[in-house]
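Notes follow once the structure below has been shown.
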Amino acid sequence: MNSPNSGPIRIHKPADFDGMRAAGRVVATILDELTECVQPNVTTAEIDDRVMELIAEHHVRSATIGYRGYKHATCISVNHVVCHGIPGPKRLRNGDILNIDVTVIVDGWYGDSSRMYVAGTPKRKADRLIKVTHDSLMQAISKIRPGATFGDIGAAIQTHAESRTMSVVSEFCGHGIGREFHLPPNVLHVGESGTGPVLREGMFFTVEPMINLGRPETKILHDNWTAVTRDRSLSAQFEHSIGVTPDGYEIFTLSPRGRFYPANWQPEVT
Ligand code: MF3
Ligand code: CO
Ligand code: CO
């Protein structure tokens, strides 16, 4: 998400957690079901077709089809694509890393999540980028509780990634979510702890850090969607939809099969 989102942060009721739980479970199940189809020689359009089928099987709706003129059920961002990659006829090659981002609407509630997948065997550098990106997300999530601040989230991501000589993309951010796709606040993936809005029970939002192996700068291609690293270095992203509970957080988009990370490969043991 990249457009500014200011205004009050919606506070949801305990019963609203059920709606987000249901939406989150569907999107996580769909992402689980993509594990087998991400392979060398598959096109990203074929993966999108599979997501269309799964969305129909689950009797839910895609939130991205028709969103600001977007026509697909996924964003698929391969290698140096940071986010908002458009599915198409390009075939995956051995070692390609890709983020698949899916958002569904279930009984009016939005579930938004993305994971990294690998076609075949990743190179060691790519493997490390994916691990650092996932760890930065989970570090940030561990800070979530009433009274913490959004700056705590950004700082956790930034500290984790930069201390491993990787960089955080600051042109795109997470967002409030609920009965709408993108709500206030902008959830920045950089920042200083103790700054920014205070987290309150009943807030729903995404955290979706994009981490680059090289420099943080991005540019948008002429299709007006695809964001790439300016230096063409590899980029990775993971996204969860989360609710603030009385004493911490609930991740709505956890994988029922424990596949969120690694999504479809075994990390190298080094
Ligand atoms: N799912 C993306 C997000 O995390 C938004 C994609 S909008 C689209 O906010 F139109 F590009 F699909
Ligand atoms: Co999102
Ligand atoms: Co998303």
Exercise. Determine, for the chain, the count of lysine pairs separated by eight or more sequence positions (or lying on different chains) whose alpha-carbon distance falls under 22 Å.
Key: 7
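Give me the percent relative contact order of the chain, please, defined on Cα pairs under 8 angstrom at least 6 residues apart. The partial results should precede the final answer.
Values: 694 pairs, mean separation 67.7, N = 270.
Computed over the chain, the figure is 25 percent.
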Quiz item: How much length is gained on full extension from Thr245 to Thr121, taking 0.36 nm per residue of separation minus their Cα-Cα distance?
Solution: 40.8 nm
Quiz prompt | Longest to shortest principal axis, alpha-carbon extents of segment 59-104, angstrom | solution = 33, 22, 18
Exercise. Evaluate E = 1/(1 + (r/R0)^6) for Asn94 and Asp49, where r is the Cβ-Cβ distance and R0 equals 25 Å; express this FRET efficiency to the nearest 0.05.
Key: 0.70
Practice problem: Could you work out the relative contact order of segment 211-260, using alpha carbon pairs under 8 angstrom and six or more residues apart, expressed as a whole percent? | Solution: 26 percent
Quiz item: Can you tell me the Rg and the Dmax, both Å, for the Cα atoms in segment 1-136?
Solution: 15.8, 46
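Among DSSP beta bridges lying fully in segment 212-258, give the percent that are antiparallel, nearest 5.
About 100 percent, rounded to the nearest 5.
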Practice problem: Over 25 Å, how big is the tail of the calculated P(r) for the chain, in percent of all Cα pairs? | Solution: 39 percent
Practice problem: Can you check how the C-alpha radius of gyration of segment 140-204 compares to 2.2 N^0.38 Å, as a plain ratio? | Solution: 1.11
Quiz item: GNM, the chain, Cα, under 10 Å: largest mean-square fluctuation among Pro40, Pro216, Pro14?
Solution: Pro14
Quiz item: Using unit Cβ charges (K, R positive; D, E negative) and no other charged atoms, how large, in debye to the nearest 20, is the dipole of the chain about its Cα centre?
Solution: 520 debye
Quiz item: Which percent, nearest 5, of DSSP beta bridges in the chain are antiparallel?
Solution: 100 percent
Self-check item: Convex hull projection area averaged over all views, segment 140-270, Cα basis, nm²
Solution: 9.7 nm²
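Determine the relative contact order of segment 61-110: mean sequence separation of Cα pairs under 8 Å and six or more apart, normalised by residue count, in whole percent.
Worked out over segment 61-110, it gives 41 percent.
All of the numbers you see were taken from the coordinates with simple rules; none came from a lab. Every value quoted in this text rests on a predicted model; they were computed, and no experiment measured them. FYI the Cβ positions are ideal-geometry reconstructions off the backbone, even for glycines, and counts take in every protein chain you see.
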